[in-house]
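Read through the structure below, which is laid out as structure tokens, and then see the notes.
Values in this text are rule-based calculations from the coordinates and carry no lab data. Quantities reported herein were computed from a predicted structural model and do not represent experimental measurements. Neighbour counts are summed over all protein chains in view; Cβ atoms, including those assigned to glycine, are modelled from backbone coordinates with ideal geometry.
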Amino acid sequence: MTKEEDPRADPNEDRYLPFQQTLVVPDSFTVLNEIQTAMWLMKFDKGAACHVWSNVACYRMWNKNSNEEFVAVDIQSNLSKTVEQIHEEYYRKTQDGLVHRERRTLYPSGKTLTLDFEFRPVDLVHKVDGRREKA
């Protein structure tokens, strides 16, 4: 869906109106396993960055066997200062509703892969304990 087709979008800005629904992890994302585009949710909490969820295309891209295996990867322990600063920048840019787009090169299993990213904040509710948080 383009920005022009999205009823939440303000056509004059690269900004979206507040998210209109509550996302329950993982139930709200099941349908995204059917698409071939890699998608994942991350928390960018300072000192506690982590993956929250991935679709099938994503965990396969990273050579993992399941969402659980992908989410279990510790991305915080060996995080360089540069990557930590990038995560902080993504977090800052999305907190006021801005959609941030960027082309990035990743190296899943040492293979070079250049992707177009779109970052946007979402509110999550965890199914197990009802915790609410931003991702």
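Overview of values
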{"quantity": "Estimated FRET transfer efficiency when R0 is 30 angstrom, pair Ser77-Ser109 (beta carbons, to 0.05)", "calculated": "0.95"}
{"quantity": "Spin-label model distance (nm) - Ser66 vs Glu34, 7 Å beyond Cα toward Cβ", "calculated": "2.3 nm"}
{"quantity": "Cα pair distances in segment 24-93, grouped into 10 Å bins until the bin that holds the longest one, percent each", "calculated": "20, 47, 31, 3"}
{"quantity": "Normalised convex hull volume, segment 66-125, alpha-carbon set, Å³ per residue", "calculated": "124 Å³"}
